[in-house]
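Notes follow once the structure below has been shown.
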Amino acid sequence: MHVLVTGGLGHIGSQLIRYLSDNSRIRAITILDNLSTQRYASLFDLPKNLEYTFVKGDILDSNDLSRAMSDVDSVVHLAAITNAEGSFDISEQVQSVNLGGTKNVLQSCIQHGVKSLVFPSTTSVYGPVSGIAREDCDRSDLKPQSPYATSKLAAEEEVISATERGDIRGVILRLGTIFGPSIGMRFHTAVNKFIFYAATGRSFTVWSEAVDLVRPYLALEDGVAAIEFVLSRPETTGQIYNVVTLNSTIDQIINEVRSNFPAAEIEYTRTRLLNQVSYHVDDSKIRALGFSYRGNLNSGIRETVEWLSGLKAKKL
Ligand SMILES: NC(=O)c1ccc[n+]([C@@H]2O[C@H](COP(=O)([O-])OP(=O)(O)OC[C@H]3O[C@@H](n4cnc5c(N)ncnc54)[C@H](O)[C@@H]3O)[C@@H](O)[C@H]2O)c1
């Protein structure tokens, strides 16, 4: 199998392109990324047993996509603008890249005879559901609260439509918020941000209204394992799966970070919230297929702390 990973230099992609090297069915990986986030380091020290090719290109450019798609069997489409909070200020760009870019990727897949596509979406497409969020809830129950989440939901629909037309075998994974380190790591989501602030001696700010709200989180190792899991299972075609290592309150996360940094300072503030109710995301559908989780909050945090352990958490 030759796999194309769009956005392959990012937080998830940089781990995925390494993780897939253990899969004996995969012979080559092409990475397409526009380097907008400058994560050159994600290309350092790649495993030697696979043929890796890097294409610097944009998913908005059909020529770039054509260069990357040659001889590809499956695509994992990660490239996106991914900062939910920041997406309010650049909503048109987010729509263009996350929805328009996905349409381009699908079109290019069809032109080049690509058989399957894995699309990592987000549990934030659920928005403020009360109770348990499941994949089979009505479309009208989905209430994405940011331009980011709205664009991901619209892109999901494109993937499902192309699959229903028989153009490609698409599968959607609704991932919880990632934690755990990778060489292309980002630090703007909850768990990682708290750790980074604590490790660098800065106090971090938490929305006081949010501390008891439950949200879905996903260990990076489980995220990449889930992508690999569906990649080689045709029975997942046309399906949507929630992928969540744990549902947790911000308070639980803060306590876990604090167990590594007892002196960490936290400030509580009132501000705009994206989703204002607790929701649990149910992941029994992917578990019923045989997928099992290995990550947990404690080890994901400890591992990130370890990567940053050369720093003195000194307040300056
Ligand atoms: N990290 C999370 O918590 C999380 C949770 C749910 C879903 N997801 C989804 O998983 C995917 C990967 O997330 P991530 O955390 O690795 O994101 P990331 O921001 O770390 O990486 C995205 C990569 O895409 C590249 N990119 C952006 N725009 C591009 C374009 N127009 N053309 C080509 N490359 C482009 C960037 O340079 C970057 O390397 C995204 O689709 C995101 O929506 C992420």
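Read-outs throughout are calculated quantities, based only on the coordinates presented, and are distinct from any laboratory measurement. These numbers were taken from a predicted model, which means no experiment stands behind them. All Cβ positions, glycine included, derive from the backbone under ideal geometry; neighbour counts span all protein chains shown.
Charge dipole (Cα centre; +1 on Lys/Arg Cβ, -1 on Asp/Glu Cβ; no other charges) of region 126-233 amounts to roughly 360 debye. For region 118-172, calculate the relative contact order in percent as a whole number, restricting contacts to Cα pairs under 8 Å that are 6 or more residues apart. It rounds to 42 percent for region 118-172. With helices as the sole contributors, the chain gives -9500 deg cm²/dmol at 222 nm; each DSSP H run of n ≥ 4 counts as -39500 (n - 2.57), and the sum is divided by every residue. Asn83: net charge of surrounding residues, Cβ under 13 Å, Lys/Arg +1, Asp/Glu -1, itself excluded? Local net charge: +1. Taking a Cβ cut-off of under 13 Å around Lys56, the surrounding Lys, Arg, Asp and Glu residues balance to a net charge of -2, with basic ones at +1 and acidic ones at -1.
Computed from the Cβ-Cβ distance with R0 of 51 Å, the FRET efficiency linking Asp71 to Ser140 stands at 0.75.
Relative to the longest principal axis of the Cα atoms of the chain, helix 250-260 runs at roughly 70 degrees. Classify region 199-316 as rounded, prolate or oblate from the Cα gyration tensor: take a ≥ b ≥ c as the square roots of its eigenvalues, call it rounded if a/c is under 1.5, otherwise prolate when a/b beats b/c and oblate if not. Oblate. Taking label positions 7 Å along the Cα-Cβ direction at both Ser292 and Arg233, the computed distance is 1.4 nm, reported to one decimal. Calculate how steeply helix 297-307 sits against the longest principal axis of the alpha-carbon atoms of the chain, using the helix alpha-carbon long axis, and give the answer as 0 to 90 degrees to the nearest 10. It is inclined by approximately 90 degrees. Taking Lys and Arg as +1 and Asp and Glu as -1, the other residues whose beta-carbon sits under 12 Å from that of Phe291 total +1. The charge dipole of the chain, taken about its Cα centre with unit charges on the Cβ atoms of Lys, Arg (+1), Asp and Glu (-1) only, comes to about 620 debye. Using the basic label-point model (7 angstrom from Cα toward the beta carbon), what is the Lys193 to Ser130 distance in nanometres? The answer from the label model is 2.8 nm. Each Lys and Arg Cβ is given +1 and each Asp and Glu Cβ -1; about its Cα centre, region 194-270 then shows a dipole of about 120 debye. Each of the peptides 76-88, 157-169, 26-38 was scored by the mean count of other Cβ atoms within 10 Å over its residues; in descending order, highest first, they stand as 76-88, 26-38, 157-169. In the chain, the longest principal axis of the Cα atoms and the axis of helix 220-231 are about 20 degrees apart. Applying both filters, DSSP loop and at most 16 other Cβ atoms within 10 Å, to the trypsin sites (Lys or Arg not before Pro) of region 251-316 gives Arg270, Arg272, Arg294, Lys312, Lys314, Lys315. Based on every Cα atom in region 50-173, Rg and the maximum pairwise Cα distance Dmax equal 15.1, 46 Å.
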